[in-house]
Amino acid sequence: MKLTEKQKQKLEDLLSKMTLEEKIGQMNLESPSIVGGFDVPFEELIEMMTDGRISQEEFQKIMATAKRDYHEEDIRCGLVGAMMGDDPHKANELQKIAVEESRLGIPLLMGFDVIHGLRSVYPIAIAEAGAFDEQLFEKTARLAAKESRAHGISWNFAPMIDVARDCRWGRVSEGPGEDPYLASCFAKAKVRGLQGGRECGEDYVAACLKHFVAYSACEAGRDYNTTSMSGSQLHNVYLAPFKAAVEEGAVSAMASFNDLNGIPCTVNPYTLRELLKTQYGMDGFTVSDANGIRECVAHGIAEDDRDAGMQAVTAGLDMDMGTHIYKDYLKEAVTQGKVPMETVDEAVRRILSVKMWLGLFENPYVSEEEIREYEMLPKEHAGIALEAAKKSIVLLKNDDGILPLSKNVKISLVGSLAGNEEEVTGAWAMSWKKEDCISILKGLQDYGAAVTWYPCGGPEGELNYDEIEHACAEGDVVVAVTGELASMSGEASSRADVTLPGKQRELLEELYKRTEKQDKKLVTVLMNGRPLALGWEAEHLPVLVEAWHLGIQMGNAVAAVLFGDENPSAKLSASFPSVNGQCPLYYNHPNTGRPGSKSKFTSRYLDAPFEPLFPFGYGLSYTSYAYSGLQVQMEQGSDVLLINVEIENCGNRKGTETVQLYMQDLTASLVRPVKELKGFLRIELDAGEKKTVSFELEKKEMGFYDNQGNYVLEDGKFRIYVGGNSRDCLCEEVQIQF
Ligand code: GLC
């Protein structure tokens, strides 16, 4: 983050004029508190929405009428540094108080969760990561930043870059999957898109890397649960995307809720200060997650709020989200000498630097013209939303080339999810408008397909056997859409059973039985936020299309793939299990002394397969590709491996293949994974076309972190793999001298 000399001077001048209260005010992130406006307490309202007594839509309607306290008086007294919200008029109102009525006129940072788009919602991250397309990752973030700034939001609580290996955890939907290399590429691209490189212009926002760190390693996949791991695993897997994103210039990071090896990340000086600020050199600021400081009392690391606050600020946590603990106790701690003024000054300096870098002092408001323009943006961004959705669809199974369908086929569309446009956006999308969302039903209708929708059942509730009967009788093809509601993934949405929820398995069994008997085709489209345990489905169903929650253009993207105008090209960013008991499951695992095999005394199960049902990097196409001629060369004295491979499109239509480069360090001072992704390349091939694909792998990328967090390069034998997924690869062995 580059400030001009003038800005640095201005910052120091400002700091020198600030009272201790005003400094602490900058460290206080407020959210509008709900103060009523409805006839039940807010907590009860949440319960009613969670247990389905009221729908999400009803909840949103009630919330729109809720009375909120925006802490205007505190803002006027300079006691608020940042506010959460996505209402541009309210943002301008509060900004006006901060800039024109407070003593020093310091503008507010307006923060909001814009994880995969604001009004224009793109695919959930686990889906988009499967596009293996860094330009796309950056493009969708760029547009999200534009919509945010035009909506008065200058700080996105994004990207979420938690590497996740356990699909029971609901937040796997929000992140870029199980691989640290792909997650690092995703993280860097998102920071570029959100922050616009190093120089921040007017329609960029401050990124906020989250959740720092290893939150996704929560034991048993249960959200907010404890995490513990070796230093080597922490560095090689969970820290990797954060280090990459800080190197890309990210200006803020959010501490995660979890305790890591016994110390909650909210009060962890090793992660917050030593790693993030000192080793990685992040010159922006850190913020707690919601209520995170107060929760350190429940963790059992702090006596009370006051103790938690002191530990947090001392550990390097610069801003308090939503507890008022800094506001209530920090002044006393500083005056009593328990917290040095320098600690407060450092936090405030970091926060003010980001506000200056964003240009908020010169341009704190969002103009009426920008607000008007915002309303038009979804149309402008629909094209990218459609491109992102199409590129995120993974073809998992397509027996006998049932797909693509011919355009004049009569379709019975089955499943309540298929006609519900509100479910296409997935978790962590709060500012979409129903009129922008295209359901799968609408997408097929707009395609001109002869389609009749039979809800039949869905992620909740009973099945309607009459509708099942009609669906199978009427259509030439049955397209079944099954999966999860948006609320079944995301925060506080861990599932111990990751099979299809509700009675959707029975629904598919019924459809399978009837279409088999009537010799009709059955196509199953999955609309879910996490990898699912699909053992039965993969064994029986002829076609499986993983469509995730693809955002506002979902319906058009699915229709384009089903009718073949789009040849599916995405790959899985996370492994799929056959059964729940395999979780956590990931491709880059150590070999163990008894690698799993058919023989009994190896790392396996008596009652389930030990390999993934569908591995990381897996995805089919309407054509097929053949890999040959893998060559690995290293010029004498060179620091780069040159890797070439031939790819041929053996089918009768053009396609895009994501070629993946993996390596394995065969013998090292610590056991290393059987494969590690080290590169990928999307390549388009016409029918029958053959191309040579080349990778350069720098030797310095072939090391790993030891348990003390030192990066080591160790001579020895390595395997280089290239393939279309993490399982089926060509392989060459090389001896490396560093
Ligand atoms: C939530 C989430 C975090 C989000 C924050 C603000 O609890 O953990 O990802 O940014 O609160 O909404």
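The values are calculated or read from the model by the stated rules, or taken from the named source; none is laboratory data. Keep in mind it's a predicted model, so treat the numbers as computed, not measured. Here the Cβ positions follow ideal geometry from the backbone for every residue, glycine too, while neighbour counts run over all protein chains shown.
See the values below:
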quantity: Filter result (more than 15 Å from G221 (Cβ to Cβ), more than 12 Å from the ligand (Cβ to nearest atom) and among the aliphatic types (A, V, I, L, M)) within segment 137-178; calculated: A141, L143, A144, A145, A150, I153
quantity: Unmet criterion (only one of (1) closer than 20 Å to A492 by Cβ; (2) in contact with a Ser or Thr (Cβ under 9 Å, 6 or more places away or on another chain)) for A298; calculated: (2)
quantity: Long-range neighbours under 9 Å by Cβ, at least six apart or interchain, first residue at positive phi and modelled with pLDDT of 95 or more within segment 251-264, second away from the ligand (no atom under 11 Å from the Cβ) and part of a strand (DSSP E or B); calculated: N261/T227
quantity: Pairs where the first residue, in segment 104-117, is farther than 13 Å from V80 by Cβ and at pLDDT 95 or above and the second is away from the ligand (no atom under 15 Å from the Cβ) and of a type in the set (D, E, K, R), C-beta under 9 Å, 6+ apart; calculated: V114/E147; H116/E128; G117/E147
quantity: Search result, residues across segment 572-588 that are hydrophobic (A, V, I, L, M, F, W, C), part of a loop (DSSP other than H, G, I, E, B) and farther than 16 Å from V237 by Cα; calculated: L572, V579, C583
quantity: Of all residues making up segment 557-592, the number that are surrounded by 24 or more Cβ atoms within 10 Å (Cβ to Cβ) and out of contact with any Pro (no Cβ under 8 Å at 6 or more places or on another chain); calculated: 7
quantity: Pairs where the first residue, in segment 372-399, is in contact (Cβ under 8 Å) with a residue 12 or more places away in the chain and the second is of a type in the set (K, R) and crowded, with 18+ Cβ neighbours inside 10 Å, C-beta under 6 Å, 6+ apart; calculated: P378/R119; I384/K139
quantity: Single residue of S494, S569 found to be among the hydroxyl-bearing types (S, T, Y), touching a helix residue (DSSP H, G or I) at 6+ places or on another chain (Cβ under 6 Å) and either assigned to a strand (DSSP E or B) or in contact (Cβ under 8 Å) with a residue 60 or more places away in the chain (or both); calculated: S494
quantity: Output for segment 122-136, where each listed residue is within 16 Å of the ligand (Cβ to nearest atom) and not in a helix (DSSP H, G or I); calculated: I124
quantity: Only listed residue being buried (at least 16 other Cβ atoms within 10 Å of the Cβ) and in a helix (DSSP H, G or I), chosen from I46, I24; calculated: I24
quantity: Qualifying position, being touching a Ser or Thr at 6+ places or on another chain (Cβ under 8 Å), surrounded by 14 or more Cβ atoms within 10 Å (Cβ to Cβ), among the charged types (D, E, K, R) and within 30 Å of P542 (Cβ to Cβ), among E611, E657, E684, E646; calculated: E657
quantity: Any hit, segment 261-279, residues being more than 30 Å from Y70 (Cα to Cα) and either among the basic types (K, R) or within 16 Å of the ligand (Cβ to nearest atom) (or both); calculated: yes
quantity: Residue list for segment 609-648, restricted to those being at pLDDT 95 or above and of a type in the set (D, E); calculated: E611, D639, E646, E648
quantity: Residue satisfying condition, being of a type in the set (A, V, I, L, M), modelled with pLDDT of 95 or more and under 30 Å from E219 (Cβ atoms), within set L606, L541; calculated: L606
quantity: Of all residues in segment 441-477 being in contact with a helix residue (DSSP H, G or I) (Cβ under 6 Å, 6 or more places away or on another chain), touching a residue at least 60 places away in the same chain (Cβ under 8 Å) and hydrophobic (A, V, I, L, M, F, W, C), the one that is surrounded by the most Cβ atoms within 10 Å (Cβ to Cβ); calculated: L441
quantity: Number of positions in segment 285-311 that are away from the ligand (no atom under 16 Å from the Cβ) and either closer than 26 Å to L108 by Cβ or in contact (Cβ under 8 Å) with a residue 24 or more places away in the chain (or both); calculated: 8
quantity: Tabulated pairs, segment 407-429, first closer than 17 Å to F59 by Cα and of a type in the set (G, A, S), second in a loop (DSSP other than H, G, I, E, B) and modelled with pLDDT of 95 or more, C-beta under 6 angstrom, 6+ apart or interchain; calculated: G426/I124; G426/G529; G426/H549; A427/S489; A427/G490; A427/G529; A429/V121
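Yes/no per residue for (1) of a type outside the set (V, I, T); (2) out of contact with any Pro (no Cβ under 8 Å at 6 or more places or on another chain); (3) more than 14 Å from Y721 (Cα to Cα):
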site: Y618; (1), (2), (3): yes, yes, yes
site: M634; (1), (2), (3): yes, yes, yes
site: G637; (1), (2), (3): yes, yes, yes
site: L642; (1), (2), (3): yes, yes, no
site: E648; (1), (2), (3): yes, yes, yes
site: G651; (1), (2), (3): yes, yes, yes
site: M663; (1), (2), (3): yes, yes, no
site: P673; (1), (2), (3): yes, no, no
